[in-house]
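Below is one structure, written out as structure tokens; comments come after it.
The values are calculated or read from the model by the stated rules, or taken from the named source; none is laboratory data. These numbers come from a predicted model, not from an experiment. Cβ placement follows ideal geometry from the backbone for every residue including glycine, while neighbour counts extend to all protein chains displayed.
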Amino acid sequence: MLSPLIGLHWPTNQTWTDADQADWEAGLARVTAKWLKLCDSTIVWSAKVLTKCVMPQVLRGIKATAKEESRGAVGTLQCDGWTGENSHHLLGFTMTLHAIRVHDASGDSRNAEELLKQIIKSIDQVESEWGVIIIACTTDASGESRKARRLLRAKFPHLVTPDCLAHQVGC
């Protein structure tokens with residue numbers, strides 16, 4: 001399923017067609033309609049209510065649907081690290097199209113072994129909580145990421161561990 005929220009199925013071995021595009025746009029329209037209904041103009045929520053109550057409730061529903069529909073599937077894990085404006089070093093993990101977690105690694109050593117530990121933790125989380133079998137894992141192109149992928153491949157030889165193509169483009 002391309003997106004559990006939109007309800008669109010698309011086998012990855014087929015070319016994207018005009019009909020697929022129409023389905024995608026119809027699904028996106030359904031999501032937009034749900035959001036507009038949620039944001040009924042007769043209700044004016046404060047920023048606190050919106051961020052502490054409404055949005056978390058909607059996201060819990062989306063996440064529950066995504067987990068249910070992903071169970072038993074195969075997936076890929078992606079990892080990227082960055083430093084925020086607050087100087088916190090963050091590691092983001094996504095599985096195919098679903099955000100899994102963001103780990104604040106500010107207090108962690110910035111080395112391949114620590115990154116490997118976080119990658120394995122994410123794989124375990126996806127497999128146990130989502131019931132998805134991870135078949136590949138990619139990271140950004142830093143030195144510690146490259147080494148972490150090499151260590152991951154040694155520990156789990158069945159995984160495909162490509163370098164991120166987007167990080168190879170000199171933008």
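Descriptive notes on the structure:
- Check on Ile119, under 14 Å from the mean Cα position of the chain (by Cα) and at pLDDT 90 or above: yes
- Within region 127-165, considering residues that are of a type in the set (S, T, N, Q) and out of contact with any helix residue (DSSP H, G or I) (no Cβ under 7 Å at 6 or more places or on another chain), the one modelled with the lowest pLDDT: Ser142
- Among the residues making up region 135-167, those that are among the aliphatic types (A, V, I, L, M) and closer than 22 Å to Trp82 by Cβ are Ala136, Ala141, Ala148, Leu151, Leu152, Leu165, Ala166.
- Being at pLDDT below 90, polar (S, T, N, Q) and more than 30 Å from Arg30 (Cα to Cα) holds for only one residue in Thr83, Thr76, and it is Thr83.
- The set of residues in region 58-91 that are surrounded by fewer than 15 Cβ atoms within 10 Å (Cβ to Cβ) and under 19 Å from Ala148 (Cβ atoms) comprises Trp82, Thr83.
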